[in-house]
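Notes follow once the structure below has been shown.
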Amino acid sequence: MLIDLVNQAWNLLLIMAGFGLVVFIHELGHFLAARWAGIRVHAFAIGFFGAICSYRKGMGLRMGSSEAEYQQLLKNTNDGSSPTDSSTISPTEYRLNWFPLGGYVKMLGQEDLDPAATSNLPDSYTAKPVWKRMVVISAGVIMNIILGAFLFMAVYLAGKPESPAVVGDVLPGEPAAIAGLMPGDTIEAINGAPITTFEELFVASALCPPAGELELRVRGFGSDESRLVTVDPTKNDSGLQQIGVFPAASVRLPDARRDRDRAALRTALDATGFAGVPLGSTLTAVNTHPIEPITVLDGQPLVIAHPLRVALETSTDGRATAGFTAPGGETVDIDLTAHPELLEEPLDDDDAPFAALEHLLGIAPLMTVLLTQDAGEQAGLRAGDTFLRVGDADFPSREQAVEQIQARAGALVPIVIDRAGERLELRPPVDQNGRVGFQIGTAWTSPHVAVQPAGVVGDRGPLAELIAPGTRISAVNNQHTPDVRTLARTIAALARDADGTPLELRLAIEPPPTPTPTDTATDALDAELITVVVPGGLTSELGALGWQADGLLAGFELAQATVKADTPWHALVLGVDKTRRWLARTYLTFARLADGGASTRTLRGPVGIAALGSAVAEQGWVELAFFLGLISVNLAVINFLPLPILDGGQFVMLMYEGATRRPVPIAVQSALTLAGLALIAAIFIFVTANDVGRLLSGQL
């Protein structure tokens, strides 16, 4: 625990130092430009709210500020009472202030917070030509752009792992699935512009105009031919536009440094189906066939777990043998079983937590915890927990459970869980975005079923009106069904045998127990027999259901290939290109915020940047440098927005002065400055509240 705290403190210190570097370079740009323009600089400060220490040439290093001492020295020189010649002392004080997230350059005749503080002296800011003042104002932004390009160049000289633009999971009912994107597809271009990384696909989706389209050039897995696919992005529950795809899975199971994280991973992988496979193992063969690499990122070979998906989803029983090589070199072979496909009912409600409701003749699996985040862990949840009650719903499906949780945003949600046979009652907090802090899993190994709303599943869900939530279906047509996975597999097999004719199902059911902590998971309940006849058309649909390997592939790390420059010149080209792209994306983000294409909930402030940066710092200096490059580029864009008090607002007023030959009236400048301060304060409060909410919910 102590080591973890030390590491977290060190990472936070690194990101604060990095952010200080970004601010320093920005202010250095203003400072150097002011010196070039012949403007007297009173202070070059990093941070706000008083000086920790300062340095002034001719006076040396001081604790606190030397300004009062310097002013007294000037006064004594002027009245002849000082033996020291003040002309040998620099008018510029270099300060390190207490609050390091910011900085400023204070010039003679120019103060952001006091537009009336002008000067007619020849070395003042206001005495210089408009074009020179424009150079001074814009120099900080230019330096941030240069710093961003330099950091990106350093990153690509060392090599940066990126997720290539290869599709992994495709969510049913989402735009990508509707458009025909398939797992294993490689996205080669978006709207005619070539791409190489999944991040570019994500950003293009997020920044697509409302009601806009993306034309994707796609190459199928193992194919040399491309096809065009048109996708219409839609907003997810976080307010971001997306198309419903995830990056491809690698062939490596994850590992962790901390014992607590390793234990959570072990539990999650065991629940997923990888029991007995050591953490960090690599998938090397499927059904004894070695996995061959594909080509991505300018010819790099990449090994992904897609062949495992194909083997599982095309088998008759959803099973395949996977061969792993453990970190120690030993080999492990295990049999994996995919999850059965279910029927889908598209949901047109924009507020619904899922695009489609999944069921098997009206019943569905319960929801389980796949992996906990910090907030969920603190609330007492653990990987593998199965939800028996959420809010007012007993034995809810994942759709019903999420709906109950989201309805209690900002409050506590009462739940009852089953943890390895023990029933526990918890009241975890729900954040403002309707999250508790865990990844959703499906309880395929539970004997109990949820029941979907009869009005939604309609004629395709005859069991919705016959079975109560929590019922256990122990047998179908005399075939034992100990869990939901076996139940779905059995019904699908019977439907295939029926070959489109009506199918009579005789179900042995046990009524549901009351989901309270006092009950045990081995309640002895009497079974009864019910019969349902499935019409021929629905039988054909059931018989066509296959297998889903998404849940298994989620156990692997994401696939990554290294983007690395061949030469310093190539690194410079990559760095400049990345800078250009992020400048455009940052401006486009503001455009999407203005037209409603992006949500303000996605914005981050100092708390969010520090928390995110601390996590990035754990991944090494390459990821940290890349993150700081993004911060530098974003700072350049934000500082040059045409808002009062920012560099962009100052530049606009200089444009007015250049066009009219007279400055903006002081009263107008003062009013604009106050308005700018109020706006920035409001934005700061808003994004900080967002950050704190995400931090408390484990979403940062």
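The values are calculated or read from the model by the stated rules, or taken from the named source; none is laboratory data. Model, not experiment: these values are computed from the prediction. Cβ: placed from backbone, ideal geometry, glycine included. Neighbour counts: every protein chain shown. Calculation scope for accessible area: heavy atoms of the full protein, side chains included, ligands and nucleic acids excluded. Shrake-Rupley method; radii C 1.70, N 1.55, O 1.52, S 1.80 Å.
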Q: At 7 Å along the Cα-to-beta-carbon direction for both THR501 and ASN287, put a label point, then send me their distance in nm to one decimal.
A: 3.0 nm
Q) For the range 429-586, what is the accessible area per residue in Å² when the probe is 1.4 Å? A) 46 Å²
Q. Where only protein heavy atoms count, and the probe is 1.4 Å, what is the accessible area per residue for the range 278-406 in Å²?
A. 42 Å²
Q. Carbon and sulfur: what percent of the range 419-572's accessible surface (1.4 Å probe)?
A. 51 percent
Q: Just grab the label-to-label distance for ARG427 and ARG266, each label 7 Å out from Cα along the Cβ direction, in nm (one decimal).
A: 3.4 nm
Q: For THR288, THR267, give the ranking by accessible area with the largest first, probe 1.4 Å.
A: THR288, THR267
Q | Computed accessible area, LYS235, all protein chains, 1.4 angstrom probe, square angstrom | A | 100 Å²
Q) How far, in nm, would the chain grow between VAL668 and GLU528 when pulled straight, counting 0.36 nm per residue and subtracting the alpha carbon separation? A) 42.2 nm
Q | Charge dipole (debye, nearest 20) of the range 207-285; +1 at Cβ of Lys and Arg, -1 at Cβ of Asp and Glu | A | 380 debye
**Q.** Whole-number Å³ per residue for the convex hull built on Cα positions in the range 414-478
**A.** 149 Å³
Q | Segments 627-635, 488-496 sorted - mean Cβ within 10 Å per residue, highest first | A | 627-635, 488-496
Q: Determine how large the accessible area of LYS75 is when every protein chain is in place; take a 1.4 Å probe and give Å² rounded to the nearest 10.
A: 130 Å²
Q: Given the peptides 404-414, 450-460, arrange them by the average over their residues of other C-beta atoms within 10 Å, most packed first.
A: 450-460, 404-414
Q.
With every protein chain left in place and a probe of 1.4 Å, what is the accessible surface of ILE46, to the nearest 10 Å²?
A. 30 Å²
Q: Report the FRET efficiency, 1/(1 + (r/R0)^6), for ASN191 and ARG581, where r is their Cβ-Cβ distance and R0 is 22 Å, rounded to 0.05.
A: 0.95
Q. Contour minus end-to-end for VAL456 and LEU61, with contour as 0.36 nm per residue of separation and end-to-end as the Cα-Cα distance?
A. 134.8 nm
Q | Inter-probe distance in nm under a simple model that places probes 7 Å from Cα toward Cβ, at LEU412 and ALA211 | A | 4.7 nm
(Q) At a 10 angstrom cut-off on C-beta neighbours, averaged per residue, how do the peptides 394-402, 416-424, 469-477 rank from highest to lowest? (A) 394-402, 469-477, 416-424
Q. Taking LYS578 as the anchor, which lysines have their alpha carbon closer than 28 Å to its alpha carbon, excluding any fewer than eight residues away along the same chain?
A. LYS160, LYS235, LYS564
**Q.** Per-pair calculated FRET efficiency, R0 = 22 Å: GLU69 and ALA17 via Cβ, rounded to 0.05
**A.** 0.15
Q.
For the full complex of protein chains and a 1.4 angstrom probe, list HIS480, HIS306, HIS570 by accessible area with the highest value first.
A. HIS480, HIS570, HIS306
Q | Extension gain (nm, one decimal) between ARG257 and ARG419, 0.36 nm per residue minus Cα-Cα | A | 55.8 nm
**Q.** Largest to smallest accessible area among TRP98, TRP547, TRP582 [probe 1.4 Å]
**A.** TRP98, TRP582, TRP547
